[in-house]
1. For the stretch 626-653, which residues satisfy the criterion of being under 25 Å from residue 741 (Cα atoms) and without any contact (Cβ under 8 Å) to a residue 12 or more places away in the chain?
2. With the structure loaded, tell me whether residue 291 is under 28 Å from residue 756 (Cβ atoms), surrounded by 24 or more Cβ atoms within 10 Å (Cβ to Cβ) and in contact with a helix residue (DSSP H, G or I) (Cβ under 7 Å, 6 or more places away or on another chain) or whether it fails that test.
3. What about residue 676, is it free of Cβ contacts under 8 Å to residues at least 24 places away in the same chain and either on the phi > 0 side of the Ramachandran plot or in contact with a strand residue (DSSP E or B) (Cβ under 8 Å, 6 or more places away or on another chain) (or both)?
4. Would the stretch 659-667 turn up any residue that is more than 28 Å from the chain's Cα centre (by Cα) and buried (at least 16 other Cβ atoms within 10 Å of the Cβ)?
5. Given 107, 70, 86, 10, which one is part of a helix (DSSP H, G or I), more than 30 Å from residue 339 (Cβ to Cβ), at pLDDT below 90 and in contact with a helix residue (DSSP H, G or I) (Cβ under 8 Å, 6 or more places away or on another chain)?
6. Quickly run through the stretch 267-293 and pick out the residues that are within 19 Å of residue 730 (Cα to Cα) and not in a loop (DSSP other than H, G, I, E, B).
7. Which residue, of 361, 357, is over 24 Å from residue 745 (Cβ atoms) and modelled with pLDDT of 90 or more?
8. Can you tell me which residue among 636, 632 is modelled with pLDDT under 90 and at positive phi?
């Protein structure tokens, strides 16, 4: 017998979610103690530049310097007017925040139209599966039992879709607000030392991470209970409807990732190619017309898009596990405590991640630049070790000793310790993926250093080495994912795979924390440069940013790995729900689907890469134009037209995100309706197999190129100094490699994991329609 009963499960899940939300608010409060002047007051201070205000600012600076010895000792800061610097920081932060908010609200208006239209499609397709019947029908898994009417399932699936879409949008928006609130504060704290700046950036990431993870769990828990009021004992119908929650989350994540990725990379490529390569000015130099658009892009792509992406992964893995469990003995015997096992794992993850956060902020202090990378990497290891113990506790306290799963027509007896292994397999596979990603994308190791060294002979060899690093980085993660899949399926069939995916995402709060930390640090470096802070401050923010690039790559690795596991679990659920007896690769229908599915990630990547390229082309032309026609811009005597560059990125991203999104959303509908359930099964399998590998290689190639550039710029070793300084031929070659890698690592690569997840969950949601009416073409051939 399980120790934790229904009441315990019903209390622990919302309690953990509420504690996580409170912890996020606490982190926000601590960050807010770093004061930034109000934007209006800041603008007034810069414009007036009154002598009395300058004297007061200098007096405050002298007070701060007496408290922080390292600031006084640094001769580079002599003569810096920090009153002006703080005011300028506030102005820049305000401009970034307004730009990011404006873009997201505009994007969300477009998505509102899509959401309403697709919700109607869901309702019509699912309702028509049984001619909009209002009568109870036999349950798909057990015809001897009756389930709720088809029309009710269509309505609740549509409602779950809308709920998931809204939660995904809010996840992205809240993340953006946190990041734009923290960027200037991180820059200001960098004056006092790298450790203080690290803590501000890390706490800000934690505010986003815990708010998103906790809100996602709480909303899903509330939805299950509210839907349960109508469904009663029909748990199969309940959790089939709940899968719409994952579909809504991933739909918004797709457009958020693609649109945000096009925005940020168009600005980034334009700013780098003209600013660094042609004009030989520093990164984030205020003379560069694209610099504000670049910093806005960090927030709408790397923060808002990433938040929606990982929310979608969490929602889909939870929904897949709940759906498969609903047709096991948990669902048949109505064992609510065991049924809530996936949500209890997530609740335990929030508690574990809270403890892990204190390691970085309170227990182990970051004192020097070299401490930043290990501090972030330590988060992954500590959370994994603690979570393993947490999984064991939940597994043995909540689950019965033995229970049964329905394994594609067979009954499989499973023990609670086997589910512990399934969840742990995904958790530790995630750790392996994280460490391998770090090895291939951090400039502390040979792969990135070899990419940097290849810049000696130009951009071509840099590109060749970068591609090789990306391809090689696929090997170990694929073995790790394959091992987790095999072990989980052998022990607990498709339910085990869903739990393995959930295990990889069980520390999502920590993953989001270190992922959001990167763009916040990147923005802080830009603000430090544009506000005129001394070079030593920019060196500190660059060190934070370099570590953040690696953690961002690690975060993408987690997202891609979990997407592979989630998609396979959803694939198993789809095959079961659609009544596909076997997915035979020798069947022409399946094989055709496999080929087309394997092609889709390449088609999708071509569309997104071309979108970034065409937008970047316009950005480069505009930046060149401004340098040529605005008198005194290069000398710093004129202000560039930032707004035009922001408009170019905004218009391009909103226009260009439509076609890739339509490709992903329509592919399962077209395949299932015209070619049937078997062809769609092949399509999903092909997209999964090729998409995961393309995504890993693209993300890691881009990360390697980015950090190779930063390796040369930092000049931290004799080899690095031999390749520099900034502006050297080797550095320009590295910048070109970085611009090639930008759309790979921040647009195409991260979006591919959403492609494979979204297609799988969409197939599962529409499975009743495909089973009833699919195969219009193949049925007549």
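1. Answer for the stretch 626-653, where residues must be under 25 Å from residue 741 (Cα atoms) and without any contact (Cβ under 8 Å) to a residue 12 or more places away in the chain: 647, 651.
2. Spelling it out, it is not the case that residue 291 is under 28 Å from residue 756 (Cβ atoms), surrounded by 24 or more Cβ atoms within 10 Å (Cβ to Cβ) and in contact with a helix residue (DSSP H, G or I) (Cβ under 7 Å, 6 or more places away or on another chain).
3. No, not satisfied.
4. No, every residue in the stretch 659-667 fails to be more than 28 Å from the chain's Cα centre (by Cα) and buried (at least 16 other Cβ atoms within 10 Å of the Cβ).
5. Answer to the check: 86.
6. 269, 271, 272, 273, 274, 275, 276, 277, 278
7. One residue alone meets the criteria, 357.
8. Going through 636, 632 in turn, the sole match is 636.
The values are calculated or read from the model by the stated rules, or taken from the named source; none is laboratory data. Every value quoted in this text rests on a predicted model; they were computed, and no experiment measured them. As a convention, Cβ positions derive from the backbone with ideal geometry for all residues, glycine included, and neighbour counts pool all protein chains shown.
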